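Student: Structure in structure tokens, see below.
The values are calculated or read from the model by the stated rules, or taken from the named source; none is laboratory data. This is a predicted model, so every value here is computed, not measured. For neighbour counting, all protein chains shown are included, and Cβ atoms are generated from backbone atoms with ideal geometry for every residue, glycine included. We work out accessible area using only protein heavy atoms, side chains counted, and drop any ligands, DNA or RNA first. Shrake-Rupley method; radii C 1.70, N 1.55, O 1.52, S 1.80 Å.
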Amino acid sequence: MRRPPLRGPAIQMTEIADLSLVRVTKRFGAHAAVAAVEFDVARGAFFSILGPSGCGKTTLMRMIAGFETPDEGDIAIRGASMRGVPANRRPVNMVFQNLALFPTMTVGENVAYGLACRGVARGEQEARVRAILSRVGLGEFVDRRVTQLSGGQRQRVAIARCLVLEPTLLLLDEPLGALDLKLREHMKIELKRLQADFRTTFVYITHDQSEALVMSDQVAVMNRGRFEQVGSPRALYRDPASAFVAGFVGDTNRWDAEFAAADRVRLPGGALVAGRRFGTASAGPATCFVRPESVALAADAAALAGLDNRYAGEVVSVLFDGANSTLLVRALDGGFELRATLPQTGALAGVEKGARVQFGWAADAARIYAA
Amino acid sequence: MMRARGLAFWLLLLPPVLWLGLLVIVPHVEIAVLSFSERVGPRLYEFGFANYLEFLKEPLYWRTYARTAIMSVLVTAITLVVAFPVAFYIAKAAQGATKAVLFLLCLLPFWASELVRTLGWMILLRETGLVSALLQATGLAAGPVELLYNDGAVILGLVYGGLLFMVVPLVNALDSLDFSLVEAGFDLGGSRIDVLRRIVVPHAMPGIVAGSIVVFMLTVGNFVTPALLGGKNGLWFTEQIYAQFITRFNWPQGAAFGLLLLVLSSAIVWIGLRLTGQGFGETMRRG
Amino acid sequence: MGKPTRAWKLYVACFYLFLFAPLAVVAVFAFNAGQYPTPPWRGFTLEWFVGTGALFGRPGVLRDAPMLASLLASVKVALPVAGLAVALGTANAFLLERHDFPGKALLANVMLWPLVIPGVILGISILAFSSRVANGLEDMLDADLDFLRPGLPLVVAGQLSFILTISTLVISARLRRFDRSLEEAARDLGASAWRTLVTVTLPYLSPAMIGAGLVAFLMSFENFNTTLILVGSDPPLPVYMYGQMREGASPAINAVSLVLMLGTAAIATLFALVQRRAD
Amino acid sequence: MTNRRFNLALAGALAALCLATGAEAQPLRLLTWADYAPKDIVDQFTKETGIAVEVTLSNNEEMISKLRATQGSGFDLAQPSQDRILGPQQEFGIYKPLDLAQIKGEQFIASMLEATKKNTTVAGKVYGVPHIWGTDGLVVNTKLAPNVKDYSDLCGAGLENKVSFRTKRPTLIAFAFAAGMDPFASYGNKAAYTAMMEKVGATLAACKKNVKFFWEGKDPLLAGLRSGEIVAAMAWDTGGWKLNGELPDIKFVAPKAGALGWIDTFAIPARGRNDKGAYAWINFNMRPEIAAKVAASAGNFTASKGADALTQGKLKQQFQESFPQAAIDNIKWYPAVPAGIEDIEGKVLDRLKAGS
């Protein structure tokens, strides 16, 4: 299946993009890790590439950084082709997944490394290192060994080490992967703040949709070497262009089904679901998605009268998680199960396993893709 | 990984090829060739098997050969038996600082030169030496006792020399033994012997083989210890090689002996690896 | 089994006694004021270290010219051996860890051979080969090629033939643990390949390189089997000591042994410190 | 990526190797026996001629093997025994002919010079001139072992674990003579010589029970004799006389079968680089006053004419006591050893050592 290249809608064409990729392809043997990928990143944007592990996003990033050479296509930074430009000559810096701080050097030496490579005078090096370190809140750590820092501090050193060089583009390769949950949440905000502060263009790759959605201006969803969709987080969430995007971005219920009509599918248990169809097929197998928060719950059927899809069900289990609590509900005569967000303020807040509930959703909230 | 072979690759390839070629492989081809040359007159040599026939015909030579082989295997076995309880103690019974200290103490003597260690044994064992003096002082011996210059002294010296090379790989192998396996062994009703035979030894096998190979090689190729501690009845095969090269200037004969020793040691190492199912590369890298 | 029995502890204690007894007597009798390093104890003396020879008929080791010459010869061998072992061992490590080529597994295996070749045989094979080459080349070039004849250069070559295996193993092991993203990070920050090597990779390898160098130095210093065959007119210390020991016992040999032990202990301590810093 | 550095290192190392081996041809590299080049003599020589001397101590077998391994290089002057020049020279060509014009022949005892020249002549060229000589015989503690008069007596009853000799060819030769054979006469006949040596080997093997140790260095032997652990040994004359000075019971005995007379020579290795220095050393050493000092240091006799007049009276007296005229006449001087003979002996000696 060949798709036309996807472009983000928010690019101002008056300005040269900081990064543009033109039909970039990279093969390892017969396998195409990256297949004809095209996109532009506007100046100052926070651009994320989101995809499961093995989708080719790391290869893509390594091509941008200059560690791999594309087999086809071209990569341009501020309009200048990077073909034949080695990694150390590109105006691109990268924060590695494991940070790759030099263990034999101090924090200051790590940050000064790139400046020294450029032949910046020692005095100026020192001034710039101090300036950037205080900007990232590590002013007193200049002479500390990197092994003596905490995870979050190391993270900031890795970023400072790149930003001190004032790159056109900063690449970040899942930099939060090694951190624990709390710190990760904190660093998401921190990164966003740093990016706003420095106004550097960030290209961020991750397999964590929450990271991508929280921080990015633009997100590209990548699967099997291709971009499935590029758009703002909101657009991706609201209008996923493919079954993959719908399944990958955000939490969702997913059923394999069969087209019953152009905008209606039959679930394996027999229930009919009305929804919004994406694509042109209207027969054969389909996949149907409904987000948990789109599912309305009520004690009696009358409350759901306005919805296209309505079912009576039984609570299979209560998954309590504070504000994110959900119910696992089985439809009494549809033979399917789904998860529904359980508002902690509503009438059903105290519902128990085994209770009878009514649930339903609008046709607009169900998305149908030909499988 | 790197598909394209740049200049760097070829330059890196050069030293090992020169090293292995000029210092290891070709020299051995040279002694192989040399060992098949037969003197037919002053400065006149021909191809022939005389040097090997000489080895076969002369009981002295093949007896020394067999003696060296048997004693080396014996020394290796004794070293293993002596070292095992100590290695097990260091790996599993000793804790924390004691463990580190015991391990380091084990390494220490072996940084001293082999000659120094042998000298120590000579001082201890000779007729006028310390042990003899102690035996006399305590009344255990009526007169001076000569403990030097016999096979026992040689074996003692060789075992001593091999201990480190046995203890270290054994400790490394035993260190990774999960003690709960031993406990499980007892828990399931195994006796000490059972547990040792079925759990501990199999786990330590890579270390046992690595240590044994190194000790065997050091023993079979040893020169100093048998030469200095050995008596008027003992010769080591390396001494025969040395004698042919240095005191008899009969290089072809010495080359034949050298090759025979190489065949012997390789064969025994190979058999050892075969019997225990270990690979050469991994074992040597570990040892 | 977990709790050591008394017999087991006793055994371990005996083992350590056994381990240190020879070294202890060597050290102690270096100070015996007698002609022989044997009991009875005839009083403490430093004569065997610094004596002029007036008392016992031979000077203390620190004034014994042939002894010092042999020590110097040992150093002359050990320094180039250690230097070459580190340089070539590092190159080998890069070849094995960073390149793929047909025959690599074979090459890696052949590199291990010197560990299972007795030292005497390495010695005689190198002697025989170099002498054949020298005979051929000398007639051809009509010049003396002394470095191919028994002597210190040949000793260096002989020792290197197996010490190189060890240094290669040590340095390769560390290079294998190296995180290559550090190199990429350096490249990414603008460093040339050369600069990356010098500022990132080699500093990481340096503990292994220093360690390999020290081990090579010690092994060279103490090597006897290979050296004995290849030695020319200036014997390194072990060969000289061996000659002396065959001549007969004298506390002078104990004295030089003690000096040797202290020297190696110093190097071994240095080695331990370097290793600790690396971890 | 690492090429430059390692290339440099390699080149540097090679250069260092070459440098280390080249240059400095100045000093005289002497391959000799213990005590043949005492320090004061060397210092005096250096002072007179400006030539430094590097001394390497060795023995006959090692001298030959070293020179054989180096094809006659590495040394500028060697001192093998006169009988050990012909064979190795024929086989390996490790010496260069002497330029007799450069040697002051008048400093030598004429008969000894002639005999040595004759024995070291290969293809009409002379390869050695005499320096130090002495004899091998028996050193006996006459009180503890009064019956030892000949080599074969070392194997007699009552001497279990109390005697010593070397596992070297003089021992074989000595026991052959003691058994009434003449090994020198059989040098040319390998089969006969082999048979003879096998017989001697068997005798020695049977004798092993008497042997405390096979001596190699002189110190253990002298120590053994001093302490009485050894009561009789095959050894060299002045060793016996030296002990005699300390313990009158110990005497050097010229055996009935005859003492074995050896002469160590000067010979110039084929690739020696300092012939001038070598000849200077020879002429310097043969000056009577120098020769007397060296002889005293080595504890042996010298081939220098007039030096014996300078030796001390004690040694002379001991010599006369050990060597009545008949014993002198009975000294067996080693003829040149033809190539191949040493292989036969070597094997017998190996067997003796290995005890099979």
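Student: For segment C:23-134, state the average projected area of the convex hull of the C-alpha atoms over all orientations, rounded to one decimal in nm².
Tutor: Average projection, Cα convex hull of segment C:23-134: 11.9 nm².
Student: Could I ask something else about it? Considering all alpha-carbon pairs of segment B:185-287, what whole percent are spaced by more than 23 angstrom?
Tutor: More than 23 Å apart: 48 percent of the Cα pairs in segment B:185-287.
Student: If I take R0 = 56 Å and measure r between the Cβ atoms of A:Asp74 and C:Arg132 in this structure, what FRET efficiency does the formula 1/(1 + (r/R0)^6) give, to the nearest 0.05?
Tutor: With R0 = 56 Å, the Cβ-Cβ based efficiency is 0.40.
Student: Also: Per residue in segment C:228-242, which ones lose no less than 50 Å² of accessible surface when going from chain alone to all protein chains (1.4 Å probe)?
Tutor: C:Leu228, C:Ser233, C:Tyr242
Student: A further question follows. In Å², rounded to the nearest 100, what is the total accessible surface buried by chains C and B against each other with a 1.4 Å probe?
Tutor: Numbers: alone 16380 and 17260 Å², together 25960 Å².
Approximately 7700 Å², summed over both chains.
Student: So what's the net charge close to D:Gly299: Lys and Arg +1, Asp and Glu -1, counting the other residues with Cβ under 15 Å from its Cβ?
Tutor: Neighbourhood net charge equals -2.
Student: For chain A, set up a GNM with springs between Cα atoms under 10 Å and report which of A:Asp321, A:Asp40, A:Asp180 has the largest fluctuation.
Tutor: A:Asp321
Student: Classify segment A:38-84 as rounded, prolate or oblate, taking a ≥ b ≥ c as the square roots of the eigenvalues of its Cα gyration tensor: rounded when a/c is under 1.5, otherwise prolate if a/b is larger than b/c and oblate if not. Provide the component values of the computation, followed by the final result.
Tutor: Working: a/c = 2.17, a/b = 1.11, b/c = 1.96.
In terms of gyration-tensor shape, oblate.
Student: Here's a follow-up. What percentage of the solvent-accessible surface of chain B, computed with a 1.4 Å probe over protein heavy atoms, is contributed by carbon and sulfur atoms?
Tutor: Looking at chain B in its full context, I get 69 percent from C and S.
Student: When all alpha-carbon pairs of segment A:252-371 are counted, what percent fall beyond 21 Å?
Tutor: The share of Cα pairs beyond 21 Å in segment A:252-371 comes to 35 percent.
Student: What figure in square angstrom, to the nearest 10, would you give for the accessible area of B:Met71 with a 1.4 Å probe?
Tutor: Here the residue's solvent-accessible area equals roughly 20 Å².
Student: Right, another one. How large, in percent, is the carbon and sulfur part of the accessible surface of chain A at a probe radius of 1.4 Å?
Tutor: Carbon and sulfur atoms account for 49 percent of the accessible area of chain A.
Student: While we're on this one: Is any helix in chain B, taking whole DSSP H runs, at least 15 angstrom long along its axis by alpha carbon and on average at least -0.5 on the Kyte-Doolittle scale, and which ones?
Tutor: Details: long enough: B:7-18 (17 Å, 2.29); B:59-88 (43 Å, 1.29); B:96-107 (17 Å, 1.94); B:114-125 (16 Å, 1.32); B:151-175 (34 Å, 1.66); B:201-220 (27 Å, 1.77); B:251-276 (37 Å, 1.43).
Taking the DSSP H segments of chain B (at least 15 Å long, mean hydropathy at least -0.5), we get B:7-18, B:59-88, B:96-107, B:114-125, B:151-175, B:201-220, B:251-276.
Student: Where the centroid of each part is defined by its Cα atoms, how far is segment A:231-310 from segment C:102-170 in Å?
Tutor: What the calculation gives is 76 Å, centre to centre.
Student: Please give the charge dipole size of segment D:38-113, origin at the Cα centre, charges +1 on K and R Cβ atoms and -1 on D and E Cβ atoms. Round to the nearest 20 debye.
Tutor: Result for segment D:38-113 is approximately 100 debye, rounded to the nearest 20.
Student: Give the cross-link partners of D:Lys347 among the lysines, using a straight C-alpha distance below 21 Å as the criterion and excluding same-chain residues fewer than 8 apart.
Tutor: The reachable lysines, counting only those whose Cα sits under 21 Å from D:Lys347, are B:Lys57, B:Lys232, D:Lys66, D:Lys168, D:Lys190, D:Lys199, D:Lys208, D:Lys209.
Student: Of the accessible area of segment C:67-245, with the probe set at 1.4 angstrom, what percent is carbon plus sulfur?
Tutor: Working: 3530 of 5220 Å².
Exposed carbon and sulfur together represent 68 percent of the surface.
Student: Same structure again: How far apart, in nm, are the 7 Å Cα→Cβ label points at D:Asp35 and A:Ala178?
Tutor: 7.3
Student: I need the calculated FRET efficiency for the pair D:Glu289 and B:Val26, taking r as the beta carbon distance and R₀ as 60 Å, to the nearest 0.05.
Tutor: Efficiency, rounded to the nearest 0.05: 0.65.
Student: Any chance you could count the Lys pairs in chain A whose alpha carbons are under 21 Å apart, treating pairs 8 or more apart or on different chains as valid?
Tutor: Within chain A, the lysine pair count is 4.
Student: For chain C, what's the relative contact order in percent, using C-alpha pairs closer than 8 Å and at least 6 residues apart?
Tutor: 30
Student: Let me ask you something else. Let me see the pair-distance distribution of segment B:1-133: every alpha carbon pair, 5 Å bin width, integer percents in order.
Tutor: Percent of pairs per bin, in order: 2, 7, 6, 8, 10, 11, 11, 11, 12, 11, 6, 3, 1, 1, 0.
Student: Here's another thing I want to ask about it. Any chance you could check segment C:120-139 for residues losing 40 Å² or more of accessible area when the partner protein chains are in, compared with the chain on its own (1.4 Å probe)?
Tutor: With the partner chains in place, segment C:120-139 has these residues losing at least 40 Å²: C:Val120, C:Ile121, C:Ile124, C:Ser125, C:Leu127, C:Ala128, C:Phe129, C:Arg132.
Student: Apply 1/(1 + (r/R0)^6) to the Cβ-Cβ distance of B:Phe47 and D:Leu100, taking R0 = 60 Å, and write down the FRET efficiency to the nearest 0.05.
Tutor: So the FRET efficiency works out to roughly 0.90.
Student: Quick one: what does P(r) look like for segment C:67-245 with 10 Å bins over all Cα pairs, in whole %?
Tutor: For segment C:67-245, the pair-distance distribution reads 10, 30, 29, 19, 9, 2, 0.
Student: Accessible area, 1.4 Å probe, largest first: how do B:Cys106, D:Cys155 sort?
Tutor: Ranked list, largest accessible area first: D:Cys155, B:Cys106.
Student: Considering only protein heavy atoms, what per residue accessible area in square angstrom results for chain D with a 1.4 angstrom probe?
Tutor: 39
Student: Taking the solvent-accessible surface of protein heavy atoms with a 1.4 Å probe, what is the per residue accessible area of segment C:67-245 in Å²?
Tutor: Accessible area per residue: 29 Å².
Student: Is the shape of chain B rounded, prolate or oblate, going by the alpha carbon gyration tensor and its root eigenvalues a ≥ b ≥ c, with a/c under 1.5 for rounded and a/b larger than b/c for prolate?
Tutor: Oblate shape, in that a/c is at least 1.5 and b/c is the bigger or equal ratio.
Student: I've got another one for you. At 1.4 Å probe radius, can you tell me the per residue accessible area of segment B:13-135 in Å²?
Tutor: Working: 5180 Å² over 123 residues.
Each residue of segment B:13-135 exposes 42 Å² on average to a 1.4 Å probe.
Student: So, one more: Counting only protein heavy atoms and rolling a 1.4 Å probe, how much accessible area do C and A lose on contact, total for both sides, in Å² to 100?
Tutor: Numbers: alone 16380 and 17540 Å², together 32260 Å².
Buried surface at the C/A interface: approximately 1700 Å².
Student: Just reorder B:Ser180, A:Ser317, C:Ser74 by solvent-accessible area, largest first, 1.4 Å probe, all chains present.
Tutor: Details: B:Ser180 55, A:Ser317 30, C:Ser74 5 Å².
Most to least solvent-accessible, the answer reads B:Ser180, A:Ser317, C:Ser74.
Student: For the pair D:Ala205/C:Ala54, report the inter-label distance in nm, with labels modelled 7 Å from Cα in the Cβ direction.
Tutor: 5.6
Student: Taking a ≥ b ≥ c as the square roots of the Cα gyration tensor eigenvalues, with a/c under 1.5 meaning rounded and otherwise prolate when a/b beats b/c, else oblate, which class fits segment A:14-238?
Tutor: Details: a/c = 1.78, a/b = 1.42, b/c = 1.26.
Note, shape of segment A:14-238 comes out prolate.
Student: A further question on this structure: Restricted to Cα positions, what overall size does segment D:241-293 have along the principal axes? Three whole-Å values, descending.
Tutor: Result, largest extent first: 48, 27, 16 Å.
Student: Buried accessible area between D and B (1.4 Å probe, both chains summed, ligands and nucleic acids excluded), in Å² to the nearest 100? Intermediate results must be reported in sequence, preceding the final value.
Tutor: Working: alone 16350 and 17260 Å², together 30800 Å².
Between D and B, the summed buried area is about 2800 Å².
Student: Which three extents, in angstrom, do the Cα atoms of the protein assembly as shown have along their principal axes, listed largest first?
Tutor: Principal-axis extents of the Cα atoms in the protein assembly as shown, largest first: 147, 71, 60 Å.
Student: While we're looking at this one, here's another question. Modelled label-to-label distance, A:Asp197 and C:Ile267, 7 Å Cα→beta-carbon offset: nm?
Tutor: Simple spin-label model gives 5.3 nm for this pair.
Student: Just want to confirm a number: the relative contact order over segment B:1-120, from Cα pairs under 8 angstrom separated by 6+ residues, in percent.
Tutor: Working: 33 pairs, mean separation 10.5, N = 120.
In percent, rounded to a whole number, it is 9.
Student: Another question, if that's okay. Which residue fluctuates most in the GNM of chain C (Cα springs below 10 Å): C:Asn254, C:Asn109, C:Asn225?
Tutor: Highest fluctuation among the options: C:Asn109.
Student: Hey, another quick one. Restricting the count to DSSP beta bridges whose residues both fall in chain D, what percent are antiparallel, rounded to a multiple of 5?
Tutor: Taking every DSSP beta bridge with both residues in chain D, the antiparallel ones total about 70 percent.
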